[in-house]
1. Across region 276-294, what is the total count of residues that are out of contact with any Ser or Thr (no Cβ under 9 Å at 6 or more places or on another chain) and either among the hydroxyl-bearing types (Ser, Thr, Tyr) or assigned to a helix (DSSP H, G or I) (or both)?
2. Inside region 50-159, counting only helices (runs of 4 or more DSSP H) that do not spill past its ends, which hold 2 or more residues that are farther than 28 Å from Val310 by Cβ and more than 21 Å from the chain's Cα centre (by Cα)?
3. What tally of residues in region 79-116 results from selecting those that are farther than 20 Å from His161 by Cβ and either outside the structural domain of Leu134 (by TED's automatic domain parsing) or crowded, with 24+ Cβ neighbours inside 10 Å (or both)?
4. Residues in region 53-65: is at least one in contact with a Leu (Cβ under 8 Å, 6 or more places away or on another chain), crowded, with 24+ Cβ neighbours inside 10 Å and under 30 Å from Thr237 (Cβ atoms)?
5. What number of residues within region 345-367 satisfy the criterion of being exposed (fewer than 15 other Cβ atoms within 10 Å of the Cβ), of a type in the set (Gly, Ala, Ser) and touching a strand residue (DSSP E or B) at 6+ places or on another chain (Cβ under 9 Å)?
6. Going by what's in this entry, would Leu269 be described as at pLDDT 85 or above, surrounded by fewer than 24 Cβ atoms within 10 Å (Cβ to Cβ) and either closer than 11 Å to Leu73 by Cβ or under 17 Å from the mean Cα position of the chain (by Cα) (or both)?
7. In region 222-235, is there at least one residue being within 21 Å of Val119 (Cα to Cα), surrounded by 14 or more Cβ atoms within 10 Å (Cβ to Cβ) and touching a residue at least 24 places away in the same chain (Cβ under 8 Å)?
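The values are calculated or read from the model by the stated rules, or taken from the named source; none is laboratory data. Please read all numbers here as calculations on a predicted model, not as lab measurements. Note that we place each Cβ from the backbone using ideal geometry, even for glycine, and neighbour counts take in every protein chain shown.
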Amino acid sequence: MSESTATAARGSTASTARPAAAGPSQGRRLLRPLLLVALLVVLLLLPLYVEEFWLRTGFAAFGAIVGAIGLNLLVGNTGQLSLAHAFFLAVGAVSYVYVSGEPGGLGVAELSGLGLPPVVGMIVGVLLAGLAGLVFSPLAARLRGIYLGVASLALVFIGVHVLNAWTSVTGGFNGRAAPEFALFGFTFASRDPELYVLGVPFRESERLWYLGLVLAIAAYLFARNLLRSRPGRALQTLRDSEVAASVMGVNVQGYKARIFLVSSMYAGLAGVMYALSIGSIAPESFGLEVSILYLAMIVLGGLGSVNGAVLGALFVSALPLVFQRYADVIPFVGGRGEGGLAAGEAARFLFGTAIVLVILFEPAGLAGIARRVTGRGRRRPGGRVTESAPDTSSRSTSPVPSEKPAQGSTT
């Protein structure tokens, strides 16, 4: 057999073997969309089968997911430490209550309100929270690390003082009821109009479940698309090194201001959802502990991962409610007036333990564990879990110019 014939035979064998090698990878790529579709179907059908407690817990978790995604964009993907997330939640919640609330009296306090449609109040709450973040961003652009954290912490103390003092808007230490949400005449309360689906009455908890699901999915998709875009790559370059980002043409201060705007808008929407979940607002609901809990969400879930923010928010927001519901059957946890730890205290112990374990053994958080279990990531010596390298067996071996470095516009 001649050398040319042998070479052709080897090329033919390699060409026929490549599709077989690509088969499992193709199957994995198809499996993920199918699993996402199945998960969406389950979430859509869940209100038909579960009780009100789980639906209200789910809506609270959806609000936490929105807020955690926003904070992860700022801390995990840009590297800016912020403890002011509770303040921006308060701006969104208070704006919604004031814009959509009716004037009236509550004890010795005379409340004011604009009485506008709730959807307008939600939009105004998101925009005002973003504006507050934009106003704070020039200071954030000049600070980094612990100094930025301490500066942002001042916003929380200022916010709690304003909430207690501005009685006509916030109701003071007594708080204020949140208006029921409505969209194009359809109310998300238990009345008017009465709604039945397959014989199941759709009251406030069922309706709020779908509202929270839509808002959480929209927030998730926006964040994923943002990080995959040119500005998203610029933000990640900024996180790794501000000097390198500036050399590559990234407008450092401009991008810091924009990401503070986006993160604050996420927090404002989460604040509106929190007000709808609880049915009222109070100053103690937006203290430093809330900011710490949101940091715990993104650390447990995995810094820099949108999926991790979702997992961390589910864990941190739902766990205290589940502990409170099943306090009589969970060891060392008791209800009010009973022996054992309170549900909130038990949840904090578990959060602390989980954070220590994550930092020591899995810095990539719950998202890293999920990637390792599904085989989509591999561990590096430093402990980080990265996405698996794509299959290059079918690609040409000729040199291909690499992608240009991430650069951001200066406009």
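1. Just the residues of region 276-294 that are out of contact with any Ser or Thr (no Cβ under 9 Å at 6 or more places or on another chain), to begin with: 276-277, 279-280, 284-290, 292, 294.
So of that shortlist, the ones also either among the hydroxyl-bearing types (Ser, Thr, Tyr) or assigned to a helix (DSSP H, G or I) (or both) come out as 276-277, 280, 284-286, 288-290, 292, 294.
So the answer is 11.
2. Values: elements: 52-75, 85-100, 118-141.
Qualifying helices (runs of 4 or more DSSP H): 85-100, 118-141.
3. Summing the residues that are farther than 20 Å from His161 by Cβ and either outside the structural domain of Leu134 (by TED's automatic domain parsing) or crowded, with 24+ Cβ neighbours inside 10 Å (or both) in region 79-116 gives 3.
4. The answer is yes; a qualifying residue exists.
5. Residues that pass the stated criteria total 0.
6. On the way: at pLDDT 85 or above: yes; surrounded by fewer than 24 Cβ atoms within 10 Å (Cβ to Cβ): no; either closer than 11 Å to Leu73 by Cβ or under 17 Å from the mean Cα position of the chain (by Cα) (or both): yes.
So Leu269 does not fit the description; no.
7. The first filter runs over region 222-235 and keeps only residues within 21 Å of Val119 (Cα to Cα), leaving 222.
So of that shortlist, the ones also surrounded by 14 or more Cβ atoms within 10 Å (Cβ to Cβ) come out as 222.
Still in the running and touching a residue at least 24 places away in the same chain (Cβ under 8 Å): none.
Among the residues of region 222-235, not one is within 21 Å of Val119 (Cα to Cα), surrounded by 14 or more Cβ atoms within 10 Å (Cβ to Cβ) and touching a residue at least 24 places away in the same chain (Cβ under 8 Å), which makes the answer no.
A quick yes/no check of all residues on (1) modelled with pLDDT of 90 or more; (2) buried (at least 22 other Cβ atoms within 10 Å of the Cβ); (3) under 23 Å from Leu213 (Cβ atoms):
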{"position": "Met273", "(1), (2), (3)": "yes, yes, yes"}
{"position": "Ile278", "(1), (2), (3)": "yes, no, yes"}
{"position": "Gly302", "(1), (2), (3)": "no, yes, yes"}
{"position": "Val306", "(1), (2), (3)": "yes, yes, yes"}
{"position": "Val310", "(1), (2), (3)": "yes, yes, yes"}
{"position": "Ala313", "(1), (2), (3)": "yes, yes, yes"}
